[in-house]
Amino acid sequence: MSTTGKEPVAIVGIGQTKHVAARHDVSIAGLVREAAARALADAELTWADIDAVVIGKAPDFFEGVMMPELYLADALGAVGKPMLRVHTAGSVGGSTALVASNLVAARVHRTVLTLAFEKQSESNAMWGLSLPVPFQQPLLAGAGGFFAPHVRAYMRRTGAPDTVGSLVAYKDRRNALKNPYAHLHEHDITLEKVQASPMLWDPIRYSETCPSSDGACAMILTDRAGAARSPKPPAWVHGGAMRSEPTLFAGKDFVSPQAGKDCAADVYRQAGITDPRREIDAVEMYVPFSWYEPMWLENLGFAEEGEGWKLTEAGVTELDGDLPVNPSGGVLSTNPIGASGMIRFAEAALQVRGQAGEHQVPDARRAMGHAYGGGAQFFSMWLVGAEPPAS
Amino acid sequence: MPDTTRHAREVAVVAFAQSDHRRRTDELSEVEMVMPVLHQVLAQTGLKAGEIGFTCSGSSDYLAGRAFSFTMTLDGVGAWPPISESHVEMDGAWALYEAWVKIQTGEADTALVYSYGKSSPGSVRDVLTRQLDPYYVAPLWPDSVALAALQAQALIDSGETDEAALAEIGARNRASASSNPYAQLSGAVPQGDYQVAPLRTGDCPPIGDGAAAVILAAGDVARRLCERPAWITGIDHRIEAHSLGLRDLTDSPSTRIAAEHAGVFEGPVDTAELHAPFSSQEVVLRKALGLDGSVSVNPSGGALAANPVMAAGLIRIGEAAARIHRGESDRAVAHATSGPCLQQNLVAVLEGDRA
């Protein structure tokens, strides 16, 4: 039995579509192929260089196609290759990247294409999430109705002022203006406009919610030898983890779920991070409703309990702040649900590769990608660096 | 000692449990169907859910009729304190593959894999049409039996089989299922009328509900948990083009490639558990895997005796492993399929330590 340890994993190609409300010009297959082709072009590789494909998306009901990986095999050059389909609710984009990363780390495959997508315009996500199920708590009106009470609980618990949520939305929408792939480009955005937008699920206002997007994100992951041939600087995986906890039980803390804390702790342990606030240069965090930024700042260990909103209020999470959060504009600006987690992971990788363009955080050496899903019960995270991992 | 040097770590199936597969389970939620199976498979090893290194499940929202259906079955695992866990929207055989990869990374020494499907609440023949190309084919609603019949007719036209031979396959599988207490159909089942010619009722799988679970373990942990572990000496899966017009339906190149990578052809096989929901598909798989008359094919009765969609493939791995655990097999091949007409196929080789 060999105990040679894991193969280091490098991200050498990243591709996204321009995310929009409705891509009427392409099929689902056309959409995913566009992102995959861009990732291959970025890595200067061809379909023949890919050993396996790992694809993720959120529920099949969102497009009305059951197990669409079967239909997408041709479009993703997977014929004759292994193809896996991951589905872990909203965290799926991150989980999918981690499954692909494990294939390389385990030396099962050398170069893997991973991709996540959602083409929300083909169906209605609100409907897809609100199917009535006997004997279970209804999700009410989509995800917002489920999460609003937990935001309210956070505000009560921490004493955060009402204004924090709008600060996050205003920041992320401005960051999105620097990201050519972001869905929402609100050139006339002001803090006052965010605060004046209609209340949807108290305390969540319209401008503090994510859009419904069509889009796909792809990455090429490879081993050390593959990284050595990479024409552009690779990003290296320093740590990655998934954690899950039950949906509903008496002990669940919806404001700061234990699974999120444990997942982050595992990633930091793998990456040798002891002080995330100081040692991590940028964070791409899954924030579908603005208040989740301060909540996750605490959950991920960037702030003490009850203190997350103070970082947001002080401008620490701004693009030019001490700890930029969602320099890409985040989920609040772009939300092809199944792809949203992978976009976080990919944007973190872009940052440490120095390839993030106008929304680049200067000299980002270590960045975190974060995703969550279900009833805030599934978490997936990775930490990527500009240098190969030490061991 | 089986040769497991193909991969970094020795990994074995050390426990397998399944539900009674039944035509309907109206009185059971998915959680209630899965929980006894989880308890049984854990009891076989003495492990508790919290001691498992990684958990992975396979299921389908479309069968459940709701988005994120797997979130509720996770509650049945008892994921507290939080666990390292993932899910594939595929047959549980692919969940097992993801778990096997996780163990290969060294991040886990044990894994719990489970899958389940309730076909009874809807019309599974219609539901499976939603797997087809959503723009050009799915709107025509060609159902799963009709597509399998196309494949069967292609086999008959090419001289690979005939209706009598197909009937024998159905009869043999149901006869074998007589010794399988979990099977839905067993014994002398009439061949019946045409469902879609040339396939008769006896050539088609029963529609039913069921669940299965497997525990994987690495190296010495496996030896501690199981008297005769079923070592996974090779495992691979491959997919083919989706459009039926692009494929030779009488052949399964993806099965053959997966079998080559899994090492099937590197030694003799005594048992094969094939995920062939239609009798005609057994013909295709036997050819792709090079199985001759010396191999015991589907001693459990296979998918023709019980076909809980999303679990039937994992059950093939479990049944093959259980035969190794019992000393009835030394080197078995297990196969799982997904998609119309054997589009996607997984092949694993399982071996027991030689006495």
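Annotations for the structure displayed:
- Residues A:Ala250 and B:Glu260, FRET efficiency given R0 of 30 Å [Cβ-Cβ distance, rounded to 0.05]: 0.05
- Calculated FRET efficiency for the pair A:Lys310/A:Ala265, C-beta based, R₀ 30 Å, to 0.05: 0.85
- 10 Å Cβ neighbours from other chains, averaged over peptide A:362-375: 1
- The reciprocal of the average 1/r between distinct C-alpha atoms defines the Kirkwood hydrodynamic radius, which for the range B:1-140 equals 16.6 Å.
- Look at the dipole of the range B:1-160 built from charges on Cβ: of B:Pro139, B:Tyr116, B:Gly53, the Cα furthest out on the positive end belongs to B:Tyr116.
- Between A:Arg107 and A:Ala22, the contour length at 0.36 nm per residue exceeds the alpha carbon distance by 26.7 nm.
- Pairs exceeding a 25 Å alpha-carbon distance, out of A:Lys261/B:Lys102; A:Lys252/B:Lys48; A:Lys6/A:Lys57; A:Lys232/A:Lys261; A:Lys18/A:Lys171: A:Lys6/A:Lys57; A:Lys232/A:Lys261.
- Within the listed set A:Thr190, A:Thr222, A:Thr88, the residue fluctuating most in the Gaussian network model of chain A (springs between alpha-carbon atoms under 10 angstrom) is A:Thr190.
- Shape summary of chain A, radius of gyration then Dmax from alpha carbon positions: 19.4, 63 Å.
- Each of A:Met342, A:Met199, A:Met67, A:Met83 was scored by other Cβ atoms within 10 Å of its Cβ. Arranged with the fewest first, they read A:Met199, A:Met67, A:Met83, A:Met342.
- Chymotrypsin sites (Phe, Trp or Tyr not before Pro), loop per DSSP, at most 14 other Cβ atoms within 10 Å - longest free stretch of chain A: A:250-391
- Compared with the dominant Cα axis of chain B, that is its longest principal axis, helix B:30-45 is turned about 50°.
- Averaged over the residues of peptide A:72-83, the number of Cβ atoms from other protein chains lying within 10 Å of each residue's Cβ is 6.
- Computed E for B:Arg224/B:Ser158 - FRET, C-beta separation, R0 51 angstrom, nearest 0.05: 0.50
- Label-point separation in nm, A:Asp202 to B:Arg326, each point 7 Å along Cα→Cβ: 6.4 nm
- Residue of B:Gly301, B:Gly234, B:Gly106 that the Gaussian network model of chain B assigns the largest fluctuation, springs spanning Cα pairs under 10 Å: B:Gly106
- Take each residue of peptide A:25-36, count the partner chain Cβ atoms within 10 Å of its Cβ, and average: the result is 1.
- Projecting the Cα atoms of A:Leu177, A:Val361, A:Met66 onto the charge dipole of the protein assembly as shown (Cβ charges, centred on the Cα centre) puts A:Val361 farthest toward the positive pole.
- Point-charge dipole on Cβ atoms (K/R +1, D/E -1) for the protein assembly as shown, about Cα centre, debye to 20: 440 debye
- The protein assembly as shown: antiparallel DSSP beta bridges as a percent of all, rounded to 5: 70 percent
- Charge-dipole axis of the protein assembly as shown as Lys and Arg at +1 and Asp and Glu at -1 on Cβ define it, positive-most pick from A:Val32, B:Ala167, A:Ala386: A:Ala386
- For the range A:147-176 versus the range A:233-283, the inter-centroid distance based on Cα atoms is 21 Å.
- Helix axis angle, B:144-157 relative to chain B longest principal axis, alpha carbon, degrees: 70 degrees
- Chain B: calculated mean residue ellipticity at 222 nm from DSSP helix runs of at least 4, using -39500 (n - 2.57): -9500 deg cm²/dmol
- Packing-based order for B:121-131, B:265-275, A:18-28, using average beta carbon neighbours within 10 Å, highest first: B:265-275, B:121-131, A:18-28
- GNM top mover of B:Cys56, B:Cys341, B:Cys226 - chain B, alpha-carbon springs below 10 Å: B:Cys226
- Each Lys and Arg contributes +1 and each Asp and Glu -1, all at the Cβ; summed about the Cα centre of the range A:290-370, the dipole is approximately 440 debye.
- As a proxy for reagent exposure, ranking A:Ser333, B:Ser176 by other Cβ atoms within 10 Å from fewest up yields B:Ser176, A:Ser333.
No lab work stands behind these numbers, since they all come straight from the coordinates. Computed from a prediction, not measured in an experiment: that's the story for all the values here. Quick reminder, even Gly has a Cβ in these numbers, built from the backbone with ideal geometry, and neighbours come from all protein chains shown.
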